[in-house]
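The values are calculated or read from the model by the stated rules, or taken from the named source; none is laboratory data. Being a predicted model, the structure only gives us computed values, none of them experimental. Because the Cβ atoms are built from the backbone with ideal geometry, glycine has one as well, and the counts that use them run over all protein chains shown.
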Amino acid sequence: MTYAVLRLRSSVNKTRRVEDTLRLMRLTRVNHCTIIRDEPETIGMIRKIKDTITWGEIEPESLAKLLRYRSNIPGGLTDEMVAEYTDYGTVEEFAQAVVDGKIELGAVDGLKNLFRLHPPRGGHRGIKKTYNTGGSLGYRGKEINALLERMLGPGSEDR
């Protein structure tokens, strides 16, 4: 299983342990997102920073959109780049392989496991409460995909 982890809160009044963990997960700023695998080490890190982030299981379609429109590669990741650096022909096939745990995002030369996103259209439900109690923090399961869709930025729904 593969998770999308999204930072929602800033560093104000956070302990050094929390800040170090956020830095290790590449979540250095608000609205930064990273993709991680379901491993005991990463789950422990998530538990440590749960009051600062939201996370859930990412769908291949959502990851493909992130790769195409919000990757650190100028112009986004293209099918040609994926075919050049991996055994997959399209971004969608590559995203499916990443979600299935068959390949890492770093397989494409220059691609970082960091996505800088816009604030969500319509805003957050509140960044001081957990998702289960009407807020935005914590585990949200498959509903992380809807949040990521809202955060892709203007014009991404037309692409």
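Taken over the range 54-72, the criterion of being assigned to a helix (DSSP H, G or I), surrounded by fewer than 18 Cβ atoms within 10 Å (Cβ to Cβ) and modelled with pLDDT under 95 is satisfied by Tyr69 alone. Filtering the range 117-141 to residues that are assigned to a loop (DSSP other than H, G, I, E, B), in contact with a Gly (Cβ under 7 Å, 6 or more places away or on another chain) and free of Cβ contacts under 8 Å to residues at least 40 places away in the same chain leaves Arg125, Gly126, Lys128, Lys129, Gly134, Gly135. Scan the range 73-88 for residues that are surrounded by fewer than 18 Cβ atoms within 10 Å (Cβ to Cβ), assigned to a loop (DSSP other than H, G, I, E, B) and either at pLDDT 95 or above or among the hydrophobic types (A, V, I, L, M, F, W, C) (or both) and the total you get is 1. Condition (residue is outside the structural domain of Glu149 (by TED's automatic domain parsing), free of Cβ contacts under 8 Å to residues at least 40 places away in the same chain, among the hydrophobic types (A, V, I, L, M, F, W, C) and surrounded by 13 or more Cβ atoms within 10 Å (Cβ to Cβ)) applied to the range 20-33: is it met by at least one residue? So far as the range 20-33 goes, no, none of its residues is outside the structural domain of Glu149 (by TED's automatic domain parsing), free of Cβ contacts under 8 Å to residues at least 40 places away in the same chain, among the hydrophobic types (A, V, I, L, M, F, W, C) and surrounded by 13 or more Cβ atoms within 10 Å (Cβ to Cβ).
Test Arg125 against the criterion of being outside the structural domain of Leu27 (by TED's automatic domain parsing) and either at pLDDT below 95 or closer than 24 Å to Ile49 by Cα (or both), and give yes or no. It is false that Arg125 is outside the structural domain of Leu27 (by TED's automatic domain parsing) and either at pLDDT below 95 or closer than 24 Å to Ile49 by Cα (or both).
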